[in-house]
Amino acid sequence: MSAFLQATVYGLLQGGLLALVAVGFSLVWGVMNVVNLAHGSFVIMGAYLGWELQVHAGIDPLLGMFAAAAVMFVLGYAIQRWLINLVVNAPIFITLLLTFGLSLLIVQGMNIIFSANYRSISTGYASTSLSMGSVRVPLGRLIAFGIAVLVTVALVALVNRTRIGLAILATGMDRGAARLMGIPARHVYSLTFGLSAALAAIAGTMVGTVDTFSPAAAGSFTLLSFVIAVLGGLGNMYGALLGGLLIGLVESWAGLYLSGTWVNAMAFLVLVVVLVVRPSGLVGRAYYAARVEV
Amino acid sequence: MLEVSGASAGYGRVQVLWDIELRVDEREIVSLVGPNGAGKTTLLRVLSGMVPVSSGTVTFRGDLVNGRSVEQVVELGISHVPEGRRLFPGLSVRDNLRLGGWRGKHTDLEPVLELFPGLTTRLDQVAGSMSGGEQQMCAIARGLMSRPELMMIDELSLGLAPVVVDEIIERLPDIAASGTSVLLVEQDVDAALRVAARAYVLETGRIALSGKAQDLLTDQRVQESYLGLG
């Protein structure tokens, strides 16, 4: 029983982090209908930025993640503005190819600059644990989980409560109509992509503090983002949070009872089951159901 | 105020409009009528920057409209209520109206609610769940939120019951009187000509007839082709 409790706590903590990895991916897909296959490489870039800042400037990752987020926001904005916007009207295969190519470029670039070795951002608190009865709660993971939830809630508030957030929603629903309101769609798209990259950077820095990372992990983060975004419901931020928690729990529980490769299979089994029962994902896609393409 | 002179336009190699001459003055309602496929919607798209002209010019208060992006045309004070209304279906009426006021950050809903009091009780309702007539009112109200000097309405009556169409068209003179000229594209030629001061008849991409709406109502060609009379 205590092993199960331990796995549950660990799964929830891991799930929060996965949600943060996926939420930006889901945002971009929901708003722009772009499946960003470079998302995982943004996560890893964020991790390296956090690592560099800590190793060379002695900046704690809890502060460094903001710097990493700022850098990735600018990069993400530029990538959308001058690259993806050029093909955003093209069939989805073109954006898939473009972001896939981008991902290869970034991953190989990181291999050259940082080598393919595993690294991690070591902090004093990452290895500390809190004890709650028989359950051990690693402090580093608890902090990462807290940040993941806070950032997701902040993102929802930004999208639902602010002027620019409303513009992002509107542009996602009907870009042509949004432009007729005077909303600069290209700028809004770039902001959205920048925001997504910034979220990936925060997620990456957090991943770096609780786990090891290397450029090769980019692909698996993209895949996880994909699963979680679809599971939760496209473009729905709370859906991504829910999906992340579910995947974290399932993988953790599966790790308790099953061996090796079966653990990975469980995440996809859950995806298949949820999609059979609720094709629009856990939270649905009501906002974007009536998307109009121009 | 709006001057279109010698404008031609089309999509790619397909030319849709030839040598269009059209003018809208201040506080004026002008109707643009004609059969399906005549190019009415394309003309509005030219005026709002969605479709470029291949020759000729479009000016608004002396500023050149052609060559500007859709967003920049909104800045000039031209608002376009598109065919099919194109509300943001998942957002509330309030949010739709707020988005209409994006340019110039207008957030005061009072003036448009005065014009369409029926929307007052619908503010928190999701726009996509309203009736067609309410959606059209919301679309026009949204178009007015930016306090435009010219509003273009495409197919106001599309999919609406005649009594609802009359109710909405009755509001147009108030809109014009408050300082927003209206360029109305409409299939319901009778209603369109009754509300307008002047009108243009567009046929196969060319202005076939133009003049005072009153005169066009009694014009034999218009009566035969569009009013089912004669």
Inset, instruction - Just name the residue that is nearest to residue A:140 (Cα to Cα) out of those in the range A:183-230 that are part of a helix (DSSP H, G or I) and among the polar types (S, T, N, Q). - result: A:209
Inset, instruction - Among what's in the range A:147-173 and is in contact (Cβ under 8 Å) with a residue 12 or more places away in the chain and of a type in the set (Gly, Ala, Ser), pick the residue that is nearest to the other protein chains (Cβ to nearest Cβ). - result: A:170
Legend entry - Test for residue B:150: is it in contact (Cβ under 8 Å) with a residue 40 or more places away in the chain and surrounded by 22 or more Cβ atoms within 10 Å (Cβ to Cβ): yes
Legend entry - Tally, over the range B:91-103, of residues that are facing another protein chain (nearest Cβ under 8 Å), out of contact with any Ser or Thr (no Cβ under 8 Å at 6 or more places or on another chain) and not aliphatic (A, V, I, L, M): 1
Legend entry - Residues being surrounded by fewer than 22 Cβ atoms within 10 Å (Cβ to Cβ) and touching a residue at least 12 places away in the same chain (Cβ under 8 Å) - total across the range A:1-16: 9
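Output the residues belonging to the range B:8-19 that are in contact (Cβ under 8 Å) with a residue 12 or more places away in the chain and either surrounded by 23 or more Cβ atoms within 10 Å (Cβ to Cβ) or of a type in the set (Lys, Arg) (or both). Even if it seems obvious, please write down each step before you answer.
Pass one, the range B:8-19, residues in contact (Cβ under 8 Å) with a residue 12 or more places away in the chain: B:8-11, B:15-19.
Hits for the range B:8-19 are B:9, B:17.
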Inset, instruction - Filter the range A:174-214 down to residues that are farther than 22 Å from residue A:78 by Cα and away from chain B (no Cβ under 14 Å), then give me how many there are. - result: 9
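Within the range A:74-88, can one find any residue that is closer than 30 Å to residue A:140 by Cα, modelled with pLDDT of 95 or more and buried (at least 24 other Cβ atoms within 10 Å of the Cβ)?
Looking through the range A:74-88, at least one residue is closer than 30 Å to residue A:140 by Cα, modelled with pLDDT of 95 or more and buried (at least 24 other Cβ atoms within 10 Å of the Cβ).
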Inset, instruction - Please determine, by comparing only the residues of the range A:211-229 that are touching a Leu at 6+ places or on another chain (Cβ under 7 Å) and closer than 19 Å to residue A:192 by Cβ, which one is surrounded by the most Cβ atoms within 10 Å (Cβ to Cβ). - result: A:228
Inset, instruction - Look through the range B:42-90, keep the residues that are basic (Lys, Arg), buried (at least 19 other Cβ atoms within 10 Å of the Cβ) and not in a helix (DSSP H, G or I), and return whichever of them is nearest to the other protein chains (Cβ to nearest Cβ). - result: B:86
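The values are calculated or read from the model by the stated rules, or taken from the named source; none is laboratory data. In this text the structure is predicted, and so the values were computed from the model without any measurement. For neighbour counting, all protein chains shown are included, and Cβ atoms are generated from backbone atoms with ideal geometry for every residue, glycine included.
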